[in-house]
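K.L.:
Quick one: structure below, then a few questions.
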């Protein structure tokens, strides 16, 4: 059994920064997919799928370039260029959380771009913007 956390990143967040942060947090087994990249984290076996707007899949499937997460208190004018889904393995919740926290901290160090993490695009857990990296909800 699993559940999904979703990250939306604006175009200031570069694909190379995302990949570097994923690798530094323990992601490996990168596979080029029709939609972008997928892979797993080595310790937790948490799966991720990275959807990149520069990939034709984005436009062919009508993916929107605005923030789609609900509960944003004020409209964000971010131009979204990447979405990543992280599928937690319930039996390894602590390991998944540790690796995802490592990824988020590393990505915030590497980029000046904006991103947010939500539970299934419904509840905001983390925001990185001009005010820095902030954890809104614990996970």
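K.L.:
Okay, which of the stretch 3-39 sit inside 14 Å, backbone N to the point 7 Å along the Cα-Cβ direction of residue 91?
P.N.:
Zone members listed by number: none at all.
K.L.:
Using only Cα positions of the stretch 41-112, each an equal point scatterer, no hydration layer, compute I(q)/I(0) via Debye at q = 0.18, 0.25, 0.26 Å⁻¹ and quote the log10 values to two decimals.
P.N.:
-0.92, -1.13, -1.14
K.L.:
At what distance in nm do the modelled label points of residue 31 and residue 65 sit from each other, each positioned 7 Å from its Cα along Cα→Cβ?
P.N.:
3.0 nm
K.L.:
In nm, give the distance between the simple-model label positions of residue 4 and residue 134, each being 7 Å from the Cα along the Cα-to-Cβ direction.
P.N.:
Distance between the two pseudo-spin positions: 2.7 nm.
K.L.:
Against the empirical 2.2 N^0.38 Å scaling, what ratio does the C-alpha Rg of the stretch 1-77 come to?
P.N.:
The value comes to 1.19.
K.L.:
Another question, then. Does the chain come out rounded, prolate or oblate by the C-alpha gyration tensor, with a ≥ b ≥ c the root eigenvalues, rounded set by a/c under 1.5 and, if not, prolate when a/b is larger than b/c and oblate if not?
P.N.:
rounded
K.L.:
Is it possible to state the helix-based mean residue ellipticity at 222 nm for the chain, with each DSSP H run of 4+ residues giving -39500 (n - 2.57), the sum divided by total residues, to the nearest 500 deg cm²/dmol? What is it?
P.N.:
So the helix-based figure for the chain works out to -7000 deg cm²/dmol.
Taken together, the values in this text are just the output of simple stated rules run on the coordinates, not laboratory data. Please read all numbers here as calculations on a predicted model, not as lab measurements. Ideal geometry is used to build each Cβ from the backbone, glycine not excepted, and the neighbour counts take in all protein chains shown.
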